[in-house]
Amino acid sequence: MGRLQDKVAIITGAAQGQGEATARLFAAEGCKVVLTDIKETKGTAVAADIGENALFVKHDVSDEASWAAVVDQAVTKFGTVDILVNNAAITFFNIIDDTTKSDLERLLAINVVGTYIGMKTVLPVMQKAGRGSVVNISSVNGLRGTYGMSAYDACKWAVRGMTKAVALEMAVQGIRVNSVHPGAIDTPMLNPTGEMTSVQMGKDFGIPFQRVGRPEEVANASLFLASDDASYISGAELAVDGAWTTGLMTNSQELDHVS
Ligand SMILES: NC(=O)c1ccc[n+]([C@@H]2O[C@H](COP(=O)([O-])OP(=O)(O)OC[C@H]3O[C@@H](n4cnc5c(N)ncnc54)[C@H](O)[C@@H]3O)[C@@H](O)[C@H]2O)c1
């Protein structure tokens, strides 16, 4: 018996990276998974590899009409939607002087509006069933500011904030809403060519664990929050970051620790 046995989940941005790892883990725990992404070839291949309990739907999270189509297809194929993982996002590096209004709007459309419309479209199905779990993927960038990432930070703080408000609104309806805050995770977003090693990136970023995270380690956090193991948890924020946002370590403290 899996931890998500016979549940149905929609996972956005599931063609690669953390979304793919989440879809694979959820399916291994007995869940029927609807994978969505703009990357059709990759997403179709991942769903085919998972097998008959997976469906891929091409979907741009910033498009409200395509959200309705995703939910329709999920309900038609699997009967309901118990879990939504709002994972799809894009990143952006530039200081504010070099960031245009259209850069910001593009990020907001996918990372913020996509997440909000995702909840808005799926929640009625959960409300009808009287249960559900939403996991919104924010970031450590939703817990602090990062030099050169003000537009992305704005998005990830927004995701964290809307999670708490919707958690309150849904509390009496049996629907839990939580946010996950990955640190630096070894996916195509962080390491597009795959050339950087986990330990080198961990060192470069000053991560106390001395390495970056694996997509499966974020998927495990989403699994916990999506499952009934988290039955009394809503509005929470779970950092999966190798203690990166915990506090400051000086270089000498790091050296003391390893010597
Ligand atoms: N990798 C990291 O270091 C890191 C750190 C913190 C937070 N995150 C967050 O984790 C989540 C997953 O990131 P990842 O590292 O797996 O990234 P990734 O780039 O490897 O995967 C993201 C997926 O989202 C898809 N996507 C992009 N725009 C889309 C759209 N408009 N509609 C549908 N799908 C779209 C992409 O095609 C891609 O398959 C994101 O929310 C990201 O912001 C990542």
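Please treat every number below as a calculation from the coordinates, not as lab data. Bear in mind the structure is a predicted one, so any value in this text is a computation, not a measurement. Neighbour counts run over all protein chains shown; Cβ positions are idealised from the backbone, glycine included.
Brief remarks follow.
- In the set (1) in contact (Cβ under 8 Å) with a residue 60 or more places away in the chain; (2) within 15 Å of the ligand (Cβ to nearest atom); (3) buried (at least 17 other Cβ atoms within 10 Å of the Cβ), the condition left unmet by ARG3 is number (2).
- Scan of segment 7-59 for residues that are under 20 Å from GLY114 (Cβ atoms), touching a residue at least 40 places away in the same chain (Cβ under 8 Å) and of a type in the set (D, E, K, R), ordered by number: GLU20, ASP37
- Those residues of segment 88-104 which are of a type in the set (Val, Ile, Thr) and over 22 Å from the mean Cα position of the chain (by Cα), in sequence order: ILE95, ILE96, THR99, THR100
- Every pair of residues 6+ apart whose Cβ atoms lie under 7 Å, when the first sits in segment 125-151 and is more than 21 Å from GLY19 (Cβ to Cβ) while the second is within 15 Å of the ligand (Cβ to nearest atom) and assigned to a helix (DSSP H, G or I): GLY145/ASP153; THR146/ASP153; ALA151/ASP103; ALA151/LEU107
- Residues of segment 67-108 that turn out to be in contact with a Cys (Cβ under 9 Å, 6 or more places away or on another chain) and farther than 21 Å from TRP157 by Cα, as a count: 2
- Pick from segment 126-147, criterion buried (at least 20 other Cβ atoms within 10 Å of the Cβ) and away from the ligand (no atom under 16 Å from the Cβ), ranking: farthest from the chain's Cα centre (by Cα): MET126
- Filtering segment 155-169 to residues that are touching a helix residue (DSSP H, G or I) at 6+ places or on another chain (Cβ under 7 Å) and touching a residue at least 40 places away in the same chain (Cβ under 8 Å) leaves CYS155, LYS156, ALA158, VAL159, ARG160, MET162, VAL166.
- Flag if LEU123 is under 18 Å from the mean Cα position of the chain (by Cα) and within 16 Å of the ligand (Cβ to nearest atom): no
- Checked against the criterion of being of a type outside the set (A, V, I, L, M) and farther than 30 Å from PHE205 by Cα, the candidates THR76, THR100, THR115, THR91 yield just one match: THR76.
- ASN220 vs. criteria within 15 Å of the ligand (Cβ to nearest atom), within 18 Å of the chain's Cα centre (by Cα), part of a helix (DSSP H, G or I) and closer than 24 Å to ALA89 by Cα: yes
- Residue, nearest to GLN18 (Cα to Cα), within segment 167-201, restricted to residues that are surrounded by 22 or more Cβ atoms within 10 Å (Cβ to Cβ) and away from the ligand (no atom under 11 Å from the Cβ): ASN178
- Looking only at segment 58-87, and only at residues there that are β-branched (Val, Ile, Thr) and farther than 25 Å from PRO182 by Cα, the one that is farthest from the chain's Cα centre (by Cα): THR76
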